[in-house]
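Peer 1: My structure is below; once you've seen it, I'll send some questions.
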Amino acid sequence: MADWHGTSPSPYSTGLAGRCPRCGEGKLFDGYLKVRPRCAACGLDFAFADSADGPAVFIMLIAGFLVLGLALYVEIAYEPPIWLHLAMWLPLAVIVCLALLRPMKGLAVSLQYANKAGQGRLDR
């Protein structure tokens with residue numbers, strides 16, 4: 001356990017593991033994607049955690065590149081019928097997106113904490 005008054009654990013390891021960004025011990029999620037109200041281990045309030053659509057955008061880019069690249073390769077190499085493409089690539093796209101969603105959201109929240117990100121404000 002890291003001392004949250006001094007050095008914090010890596011935001012990458014805590015985010016990808018779904019752990020508290022301050023102590024690295026408590027769970028970040030309550031369910032699949034819902035962020036807990038606070039850390040059970042150190043009491044950090046997760047009210048700052050608003051990843052918005054950031055993780056979803058990166059996942060669409062990653063999954064789209066991977067699945068589309070494989071589908072194009074299979075089309076050029078084997079020329080299967082369209083129903084086979086649909087049967088192979090739609091489930092793969094869903095699986096890849098669902099597998100990446102929680103770690104990417106955890107990473108976004110953890111990086112928000114590490115970089116002290118907040119709501120944008122205009123100086124007047």
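Peer 1: Restricting to the stretch 31-80, name every residue that is over 20 Å from ALA17 (Cβ atoms) and of a type in the set (S, T, N, Q).
Peer 2: The answer is none; no residue qualifies.
A quick yes/no check of all residues on (1) hydroxyl-bearing (Ser, Thr, Tyr); (2) touching a residue at least 12 places away in the same chain (Cβ under 8 Å); (3) in a helix (DSSP H, G or I):
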{"position": "TYR12", "(1), (2), (3)": "yes, yes, yes"}
{"position": "LEU16", "(1), (2), (3)": "no, yes, yes"}
{"position": "ALA47", "(1), (2), (3)": "no, no, yes"}
{"position": "VAL74", "(1), (2), (3)": "no, yes, yes"}
{"position": "LEU86", "(1), (2), (3)": "no, no, yes"}
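Peer 1: Can you name every residue in the stretch 1-21 that is at pLDDT below 95 and among the charged types (D, E, K, R)?
Peer 2: ASP3
Peer 1: When only residues in the stretch 78-124 that are loosely packed, with under 13 Cβ neighbours inside 10 Å and of a type in the set (Lys, Arg) count, which is modelled with the highest pLDDT?
Peer 2: Restricting to residues being loosely packed, with under 13 Cβ neighbours inside 10 Å and of a type in the set (Lys, Arg), the top hit is LYS116.
Peer 1: Can you find, within the stretch 47-69, the residue that is nearest to SER110 (Cα to Cα) among those that are more than 12 Å from the chain's Cα centre (by Cα) and of a type in the set (Phe, Trp, Tyr)?
Peer 2: Top of the filtered list is PHE48.
Peer 1: Identify, please: which residue in the stretch 20-41 is surrounded by fewer than 16 Cβ atoms within 10 Å (Cβ to Cβ) and in a loop (DSSP other than H, G, I, E, B) and is, among those, farthest from the chain's Cα centre (by Cα)?
Peer 2: Once the filter is applied, the top-ranked residue is ALA40.
Peer 1: Moving on. Read through the list (1) touching a Phe, Trp or Tyr at 6+ places or on another chain (Cβ under 6 Å); (2) of a type outside the set (D, E, K, R); (3) modelled with pLDDT under 95, then give the number of the only condition that ALA71 fails.
Peer 2: Condition not satisfied by ALA71: (3).
Peer 1: Identify, please: which residue in the stretch 42-68 is surrounded by fewer than 12 Cβ atoms within 10 Å (Cβ to Cβ) and of a type in the set (Gly, Ala, Ser) and is, among those, nearest to LEU92 (Cα to Cα)?
Peer 2: Kept after step one, since they are surrounded by fewer than 12 Cβ atoms within 10 Å (Cβ to Cβ), are these residues of the stretch 42-68: 45, 47, 52-53, 57, 61, 65.
Subset that is of a type in the set (Gly, Ala, Ser): 47, 52.
Working: ALA47: 34, ALA52: 24 Å.
In this case the residue turns out to be ALA52.
The values are calculated or read from the model by the stated rules, or taken from the named source; none is laboratory data. Quick caveat, the model's predicted, so the values are computed rather than measured. Heads up, the Cβs are rebuilt from the backbone with ideal geometry, glycines too, and the neighbour counts pull from every protein chain shown.
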